[in-house]
Amino acid sequence: MSAPTVEYGYVNGIEDLSDYRSGGYHPVHIDDRLDKRYHVVYKLGHGTFSTAWLALDEETSRFVAVKVGTADTDRTEVDILSQLTHSRVSGYDSEDSLPLTDFGVAFRPDDKSRFESYTPLVLRPPEAFFEPTTPLTYASDIWSLGCVIFELLAHRSLIDGFLAPQDEIITAQQVELQGLMPPEWWEKWEKRPKWYDNTGKPLTDKSEIWPWERRFEEWVQSPRNTKKMGTILEDEWDALLKLLKRMLAWRPSERPNIREVLEADWMTGWALPTYRTGLKGQLTLSNEQV
């Protein structure tokens, strides 16, 4: 009698184990050493075409993120990421030399056009839905990056939308955050009458509306208070909100480029100084371990 086939059910936040197969994910374990250099210490996450791991670079004694692609990953992405990794450009890179990461599959818009976004729906920019025949641009990544910045602070996605349809719950929340979308999109949104009248007035109960301020208080400040971590001060939140609203501008042409993001008040006043402090602490820890 042959052994019964074991099937694993879907688990939220975990890749499908059946994808560990020929052509799929490559098995990686904690304490593995990749390329005889990268000591795997923690799993960061996964995507459709890769898994991501925190590893200690044993040559530099620094922690790095390692992306392990599936066997059928587009090799173009590997080449682009390698170029970016080894460029070592001082200061900020120009947009002409940057790839569009698509938060899943990197590609360079200067080399080819892409019309379909593979970014998770909760991070996907609205133009991918409302303008499917228009090529994606660098501005698409700026939208997604803005969502990720909030998620790093809240430990949850800015947009609630697990298994939710783009044209309904996700778009409705985008309007809650950014107000009325461009008129041509407003007319295209078939599910709009369920959520808003013609003037943009919400048709749902006020308690179900979650603007920026409510998400920040409920998802960032309240958990910090509960865990006695200290809340984000008003001046930092004002600077961050100003940046995020620009990054999530409806029209791609109205979003800042990556240089403008890095030069924004919140980046220069809070994010980058904190990042540099963290690097110093990491270097000190690594030296103590040697």
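The values are calculated or read from the model by the stated rules, or taken from the named source; none is laboratory data. Bear in mind the structure is a predicted one, so any value in this text is a computation, not a measurement. Note: ideal-geometry Cβ built from the backbone for every residue, glycine included; neighbour counts use all protein chains shown.
Residues in the stretch 225-267 that are surrounded by 15 or more Cβ atoms within 10 Å (Cβ to Cβ) and of a type in the set (K, R): R246, R255. When W195, W219, W186, W212 are checked against the criterion of being more than 30 Å from L152 (Cβ to Cβ) and among the hydrophobic types (A, V, I, L, M, F, W, C), W186 stands alone in meeting it. When we screen N257, N225, N198 for residues that are at negative phi and in contact (Cβ under 8 Å) with a residue 60 or more places away in the chain, the only hit is N257.
Going residue by residue through the stretch 169-185, is there one that turns out to be more than 26 Å from V220 (Cα to Cα), at pLDDT below 95, assigned by TED's automatic domain parsing to the domain that holds I232 and over 17 Å from the mean Cα position of the chain (by Cα)? Within the stretch 169-185 (the criterion being more than 26 Å from V220 (Cα to Cα), at pLDDT below 95, assigned by TED's automatic domain parsing to the domain that holds I232 and over 17 Å from the mean Cα position of the chain (by Cα)), the answer is no, since none of the residues qualifies.
For the stretch 167-184, check the following and say yes or no: at least one residue is β-branched (V, I, T), crowded, with 16+ Cβ neighbours inside 10 Å and without any contact (Cβ under 8 Å) to a residue 12 or more places away in the chain. So far as the stretch 167-184 goes, yes, one or more of its residues are β-branched (V, I, T), crowded, with 16+ Cβ neighbours inside 10 Å and without any contact (Cβ under 8 Å) to a residue 12 or more places away in the chain.
Take the conditions (1) at negative phi; (2) touching a residue at least 12 places away in the same chain (Cβ under 8 Å); H155 misses just one of them, which is (1).
Screening A249 against (1) in a helix (DSSP H, G or I); (2) at pLDDT 95 or above leaves a single unmet condition, (1). Helices (runs of 4 or more DSSP H) fully within the stretch 163-219 that include at least 2 residues being basic (K, R): 192-195, 212-216.
For the stretch 43-74, taking the residues that are outside any strand (DSSP E or B) and either among the hydroxyl-bearing types (S, T, Y) or under 19 Å from the mean Cα position of the chain (by Cα) (or both), the one that is modelled with the lowest pLDDT is identified as T73. In the stretch 20-42, the residue that is modelled with the highest pLDDT out of those that are exposed (fewer than 12 other Cβ atoms within 10 Å of the Cβ) and among the small types (G, A, S) is S22.
Checking T119, T134 one by one, the residue that is modelled with pLDDT of 50 or more and over 16 Å from the mean Cα position of the chain (by Cα) is T134 and no other.
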